[in-house]
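Participant: Questions regarding the structure given below will be posed in turn.
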């Protein structure tokens, strides 16, 4: 009489033979010890295939980034990336008036995350350069013009510096402290250059224009309980004794690259798209000294 163990052994032997055939492998004899181990494993279900069916195939080995039933793990899958991780070219910085007529605005037309912060100064600077457009330009029905003369004409000669839409420039705004000085730079005009001096009279706070749907710098992804963008208030200090042109600054920058002078790493030339830039004390003092000299 055939025992129950012998029947189970015969079923298992048949299963192993059919499994080898399904993979075009030669049959392999199964020892009683192997059969006993197989029968004692709860995860292995032994069954005789029905007529006309092939034997079940063994589990697929784990692939990269997957975890199998055996607890084995392949190589880690590459991290997912989103559209916000990709770099996009920054647009031109502009300044606009708030509908009440009391704000100065400087905008970067597209948000950008940049690695330039590793090389463009640091957030501990005490001196800054801030760009604005002195000539009229209409963007989405709003004139983004704001010159240093416009700042002088504001009540208390003070305005908020809004519309910045570049993450690094925003971080520089957030780093500004009361009474720190900044050069007011005219950009996107016939003769770009430094027109005057301003000082910070209110530290960073949420930029109201990010929530105004009719504003050219409206950002629908920014929420009032977690605003993306910040601004500061600036006050007019004085005009430069003479207009320091971009051409003159560039000539000094090129000369200082060869001689190791103070403008050798000036962000205006190493990261020209930034609308808000830090200055070293040496850069700031050298530019002030140019006021007393004839243009080269």
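The values are calculated or read from the model by the stated rules, or taken from the named source; none is laboratory data. Treat the numbers as computed from the prediction; the structure is a model and nothing was measured. Every residue, glycine among them, receives a Cβ derived from its backbone with ideal geometry; neighbour counts consider all protein chains shown.
Participant: Residue check, residue 156 against (1) closer than 18 Å to residue 276 by Cβ; (2) touching a residue at least 24 places away in the same chain (Cβ under 8 Å); (3) over 23 Å from the mean Cα position of the chain (by Cα); (4) not in a strand (DSSP E or B), all met but one. Which one?
Facilitator: (1)
The rows are residues; the columns are (1) out of contact with any helix residue (DSSP H, G or I) (no Cβ under 6 Å at 6 or more places or on another chain); (2) modelled with pLDDT of 95 or more; (3) over 23 Å from residue 180 (Cα atoms).
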| site | (1), (2), (3) |
| --- | --- |
| 194 | yes, yes, no |
| 214 | yes, no, yes |
| 235 | no, yes, no |
| 238 | yes, yes, no |
| 243 | yes, yes, no |
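Participant: Would you be able to say whether some residue in region 169-184 is over 18 Å from residue 127 (Cα atoms) and buried (at least 24 other Cβ atoms within 10 Å of the Cβ)? Steps first, answer last, please.
Facilitator: Initial filter on region 169-184 (over 18 Å from residue 127 (Cα atoms)): none.
The answer is no; no qualifying residue exists.
Participant: Can residue 259 be described as more than 25 Å from residue 150 (Cβ to Cβ) and surrounded by 15 or more Cβ atoms within 10 Å (Cβ to Cβ)?
Facilitator: no
Participant: Within region 160-188, how many residues are closer than 15 Å to residue 222 by Cβ and part of a strand (DSSP E or B)?
Facilitator: 1
Participant: Now for a different question. Need the failing condition index for residue 165 against (1) under 21 Å from the mean Cα position of the chain (by Cα); (2) farther than 18 Å from residue 233 by Cα, just the number.
Facilitator: (2)
Participant: Assess whether residue 151 counts as being surrounded by 24 or more Cβ atoms within 10 Å (Cβ to Cβ), touching a residue at least 60 places away in the same chain (Cβ under 8 Å) and closer than 15 Å to residue 234 by Cα. Outline the logic, then answer.
Facilitator: Values: surrounded by 24 or more Cβ atoms within 10 Å (Cβ to Cβ): no; touching a residue at least 60 places away in the same chain (Cβ under 8 Å): yes; closer than 15 Å to residue 234 by Cα: yes.
No; evaluated as a whole, the condition is false for this residue.
Participant: Follow-up. Could you tell me which numbered condition residue 139 fails, if it satisfies all but one of (1) modelled with pLDDT of 95 or more; (2) surrounded by fewer than 21 Cβ atoms within 10 Å (Cβ to Cβ); (3) touching a strand residue (DSSP E or B) at 6+ places or on another chain (Cβ under 9 Å)?
Facilitator: (1)
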